[in-house]
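To keep things clear, I will list the structure first and then write my remarks on it.
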Amino acid sequence: MKKHYFSVVSIFLLLLSLIAFSDNLITDVGQESNSDPKFIIHGLFMFAWFIIFVVQANFIRKEDYKAHLKWGITGIITAIGVFLSTLYVFIAVYQGWDVMPYFAKANRFFMLSFAVLVVLGYINRQRANKHKRFIYLASLLILEPILSRVTGNLHIENVEAFIAIVWNGLFISLFVFDWISLKRIHKISWMGFVWFYIVWAISVLT
């Protein structure tokens with residue numbers, strides 16, 4: 001598990017992304033969003049982020065650290081694209097905090113958190129235990145739109161239960177990895193989980 005964990009979860013996140021946007025890619029290519037530049041650009045950056053996560057995790061699994069470092073710049077550029085394209089979509093789609101549903105409010109917090117975590121990951125790129133957790137948590141916090149679309153494309157009726165099980169399960173899997181590899185839950189891991197629930201509490205109550 002210590003060697004393969006991040007490769008496995010990165011592939012799982014990419015698979016979720018493919019399922020989430022399978023209608024855009026395969027079953028309903030004529031839909032309006034497929035001709036809207038802001039959604040196309042945003043979608044491409046999101047796919048690129050999760051693809052790079054898979055590639056980078058695989059480099060580490062194979063202990064090809066030189067290639068991992070080279071691809072790191074590509075990851076940073078992609079993260080900037082994810083953040084800016086998502087910010088533009090938020091501005092274009094939602095007119096003010098008061099009219100946003102709670103999950104959209106949470107996603108605004110999570111996108112800012114994504115940016116902060118990616119920066120922290122870059123700053124700590126020479127500290128493997130911190131770096132990989134910052135980048136993984138950044139990827140976990142931007143999952144809500146993907147998980148929501150997965151429920152639609154797989155015709156899952158209990159949407160909130162599915163999202164809760166998958167999202168919490170990914171955090172729990174990180175805790176298990178921490179325990180196996182460190183014999184403790186890393187501070188970054190549990191703090192990320194606490195922040196996850198703080199954001200949901202703020203978003204539901206405001």
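The values are calculated or read from the model by the stated rules, or taken from the named source; none is laboratory data. What you are looking at is a predicted structure, and each value in this text was computed from that prediction instead of being measured. Methodologically, a virtual Cβ is constructed for each residue, glycine included, from the backbone with ideal geometry; neighbour enumeration extends over all protein chains shown.
Would you confirm, using the coordinates I've provided, whether K132 is of a type in the set (K, R), buried (at least 18 other Cβ atoms within 10 Å of the Cβ) and modelled with pLDDT of 95 or more? Spelling it out, K132 is indeed of a type in the set (K, R), buried (at least 18 other Cβ atoms within 10 Å of the Cβ) and modelled with pLDDT of 95 or more.
If I filter the stretch 86-108 for residues that are crowded, with 20+ Cβ neighbours inside 10 Å, under 24 Å from S173 (Cβ atoms) and not acidic (D, E), do I get at least one hit? Within the stretch 86-108, one or more residues are crowded, with 20+ Cβ neighbours inside 10 Å, under 24 Å from S173 (Cβ atoms) and not acidic (D, E). Would you say I163 is within 21 Å of L14 (Cα to Cα) and touching a residue at least 12 places away in the same chain (Cβ under 8 Å)? So I163 fits the description; yes.
The set of residues in the stretch 106-125 that are assigned to a helix (DSSP H, G or I) and basic (K, R) contains only R108.
Within 19 Å of Y102 (Cβ to Cβ) and under 16 Å from the mean Cα position of the chain (by Cα), is that true of I142? Criteria met by I142.
Going residue by residue through the stretch 154-163, is there one that turns out to be over 27 Å from I198 (Cα atoms), surrounded by fewer than 17 Cβ atoms within 10 Å (Cβ to Cβ) and either touching a Pro at 6+ places or on another chain (Cβ under 7 Å) or at pLDDT below 95 (or both)?
For the stretch 154-163, residues over 27 Å from I198 (Cα atoms), surrounded by fewer than 17 Cβ atoms within 10 Å (Cβ to Cβ) and either touching a Pro at 6+ places or on another chain (Cβ under 7 Å) or at pLDDT below 95 (or both): present.
No other residue among F59, F83, F103, F39 is within 26 Å of M191 (Cβ to Cβ), in a helix (DSSP H, G or I) and over 13 Å from the mean Cα position of the chain (by Cα) apart from F103. The set of residues from the stretch 177-186 being in contact with a helix residue (DSSP H, G or I) (Cβ under 9 Å, 6 or more places away or on another chain) and either free of Cβ contacts under 8 Å to residues at least 24 places away in the same chain or closer than 18 Å to F103 by Cα (or both) comprises D178, R184, I185.
The condition of being in contact (Cβ under 8 Å) with a residue 40 or more places away in the chain and of a type outside the set (V, I, T) holds for only one of G169, G192, that being G192. When F177, F193 are checked against the criterion of being aromatic (F, W, Y), in contact with a Ser or Thr (Cβ under 9 Å, 6 or more places away or on another chain) and assigned to a helix (DSSP H, G or I), F177 stands alone in meeting it.
Residues satisfying the criterion are present in the stretch 80-94 (criterion: free of Cβ contacts under 8 Å to residues at least 12 places away in the same chain and not hydrophobic (A, V, I, L, M, F, W, C)).
The set of residues in the stretch 67-104 that are at positive phi and in contact with a helix residue (DSSP H, G or I) (Cβ under 6 Å, 6 or more places away or on another chain) is empty. Within the bounds of the stretch 133-154, is there any residue that is without any contact (Cβ under 8 Å) to a residue 12 or more places away in the chain, β-branched (V, I, T) and not in a helix (DSSP H, G or I)? Checked the stretch 133-154: no residue is without any contact (Cβ under 8 Å) to a residue 12 or more places away in the chain, β-branched (V, I, T) and not in a helix (DSSP H, G or I).
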